[in-house]
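> One structure, as structure tokens, below. Some questions next.
The values are calculated or read from the model by the stated rules, or taken from the named source; none is laboratory data. Small disclaimer: the values here were computed from a predicted structure and weren't measured. With ideal geometry, Cβ positions are generated from the backbone for all residues, glycine too; neighbour counts draw on all protein chains shown. In case anyone asks, the SASA skips ligands and DNA or RNA and just uses the protein heavy atoms, side chains included. Shrake-Rupley method; radii C 1.70, N 1.55, O 1.52, S 1.80 Å.
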Amino acid sequence: MKRIWSISVACLVAVSLVWLTGCTKDVEADFECPASVVAGETFFVSNYSLNAYSYIWEFGDKSYVSSSANFDEAFAAVNGASFDSALDGLWGSSKEDYDYYVGQDPDPVYFKYAGEKKIILHAYSKNGKKSSHKTKYIKVLNPSSYTITSLELQKINMSSWDTGILSGEDPDIYFNIVDMNGSVLYTSTTKSNVSEYSLPVTWHFSQKLDYASNYYIRFYDKDDGIDSDDLMASCVFESSYLTPGSDSYTWQASSGTIKFTVGLSW
């Protein structure tokens, strides 16, 4: 009986070892993301990993932006380590070159600039002993166009006009949006008797522009009668200075003589 008992114990131990080692299945990292997006366009990344417990996403580009106010927030760091120490163990000093998100799925995200971007998902077993990673590339394209929805004039040189024959004491200001060939694409309404004390003044409108092109925005003092309108400022508006997806952009002359903010939609 003792021998049979010994054999039974040995079998039980063997079965237990098989069961324990079988509990930690191989981890397989996998996710889906779009093949291409437009810069500034929000998109989702979906996690389809198998047998994983915790995750770290690596966005190898500082132009990555999460819709979360704090995407450093972690709910499952590797082996129970803190967020920073977990990253130190993975990437060491290169940590500063990347953005990270810890968790099942990142919040909706976008890239601010065009180019080929890399996304890496690191997946880990519950005890941290097994891991897997998946790398995918996403092509980020520049937008083809954008729309200026408003213009707020905040500062302008008040000496660059004359009173005209029938004009008031302060300039009556309007602006044109002009392409590089000199064609006027948009002419605003006129704001009458604008003084430095009445600034800022705002125009609301809608003008679609080509992201690959540059423009002039020219401000005039409108004069009635035989006197011609006075050019108060001519500003070169470069589309490439805009951050795709942003809702506004402020243009300011290096001389400080003019400043305005445009509202944007994409």
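> Yes or no: the stretch 183-200 includes at least one residue that is in a loop (DSSP other than H, G, I, E, B) and open to solvent by less than 20 Å² (accessible area, probe 1.4 Å). Break it down stepwise before answering.
Within the stretch 183-200, the first condition is being in a loop (DSSP other than H, G, I, E, B), and the residues that meet it are 183, 188-190, 192-200.
Narrowing further to those that are open to solvent by less than 20 Å² (accessible area, probe 1.4 Å): 188, 194.
Yes, the stretch 183-200 has at least one match.
> Of the residues that sit in the stretch 237-258 and are open to solvent by 70 Å² or more (accessible area, probe 1.4 Å) and either over 17 Å from the mean Cα position of the chain (by Cα) or among the acidic types (Asp, Glu) (or both), which one is modelled with the lowest pLDDT?
SER255
> Suppose we filter LYS134, LYS129 for residues that are in a strand (DSSP E or B), among the charged types (D, E, K, R) and modelled with pLDDT of 85 or more; which single one remains?
Step by step, each of LYS134, LYS129 is checked, and only LYS134 is in a strand (DSSP E or B), among the charged types (D, E, K, R) and modelled with pLDDT of 85 or more.
> Let me ask something else. Which one is modelled with the lowest pLDDT, of the residues in the stretch 154-169 that are closer than 20 Å to THR257 by Cα and either surrounded by 18 or more Cβ atoms within 10 Å (Cβ to Cβ) or touching a His at 6+ places or on another chain (Cβ under 9 Å) (or both)?
Here the answer is TRP161.
> Another question about this same structure. Do we find that TYR215 is modelled with pLDDT of 95 or more, crowded, with 18+ Cβ neighbours inside 10 Å and not in a loop (DSSP other than H, G, I, E, B) in this structure? Talk me through it step by step, then tell me what you get.
Numbers: modelled with pLDDT of 95 or more: yes; crowded, with 18+ Cβ neighbours inside 10 Å: yes; not in a loop (DSSP other than H, G, I, E, B): yes.
Yes; evaluated as a whole, the condition is true for this residue.
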